[in-house]
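Reading through the structure tokens given below for one structure.
The values are calculated or read from the model by the stated rules, or taken from the named source; none is laboratory data. Everything quoted here is computed from the prediction, not taken from an experiment. Please note: Cβ atoms are built from the backbone with ideal geometry, for glycine as well, and neighbour counts cover all protein chains shown.
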């Protein structure tokens with residue numbers, strides 16, 4: 001009889017499970033400011049641990065995910081998120097990759113067009129002479 005009671009104590013509350021799920025979700029969306037190319041969830045840097053603790057505290061305080069992200073971007077800048085917002089300061093960040101892709105495609109198409117063989121601009125008199133020579137050399141072979 002003691003066993004079921006112990007199991008109830010050991011089982012995490014539903015709110016703890018939801019809070020941990022939010023922490024995992026937010027930590028995956030946020031960047032470690034020390035490691036830079038590593039998420040907050042996977043980083044073991046002391047600053048990442050502090051940021052995870054701060055996120056956990058804000059979740060416990062009842063902040064929504066957008067409020068938590070807004071707080072962190074106000075404090076650390078847009079770099080803290082893997083998906084920076086589309087605004088004047090980040091315009092180049094959002095538009096440069098498609099622009100570079102477009103420039104690359106234009107250059108590729110231009111290169112392909114330049115490699116196409118030029119159309120024949122042979123002189124009609126030269127073509128007639130070549131046909132006559134071809135016909136005279138092959139005419140005798142066709143009759144045999």
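Is it the case, given these coordinates, that residue 68 is closer than 15 Å to residue 24 by Cβ, under 25 Å from the mean Cα position of the chain (by Cα) and part of a helix (DSSP H, G or I)? Yes.
Restricting the stretch 72-92 to residues that are within 19 Å of residue 34 (Cβ to Cβ) and in contact with a helix residue (DSSP H, G or I) (Cβ under 8 Å, 6 or more places away or on another chain) leaves a set whose member that is surrounded by the fewest Cβ atoms within 10 Å (Cβ to Cβ) is 82.
Each row is one residue, and each column tells you yes or no for (1) surrounded by 12 or more Cβ atoms within 10 Å (Cβ to Cβ); (2) closer than 30 Å to residue 18 by Cα; (3) outside the structural domain of residue 19 (by the TED database).
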residue	(1), (2), (3)
30	yes, yes, no
58	yes, yes, no
61	no, yes, no
70	yes, yes, no
94	yes, no, yes
110	no, no, yes
122	no, no, yes
136	no, no, yes
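Can you tell me which residue is nearest to residue 71 (Cα to Cα) among those in the stretch 1-26 that are at pLDDT 90 or above and touching a helix residue (DSSP H, G or I) at 6+ places or on another chain (Cβ under 6 Å)? Per the stated criteria, the residue is 26. Looking only at residues in the stretch 32-56 that are surrounded by 14 or more Cβ atoms within 10 Å (Cβ to Cβ) and under 22 Å from the mean Cα position of the chain (by Cα), which one is modelled with the lowest pLDDT? Checked the stretch 32-56; the qualifying residue modelled with the lowest pLDDT is 35.
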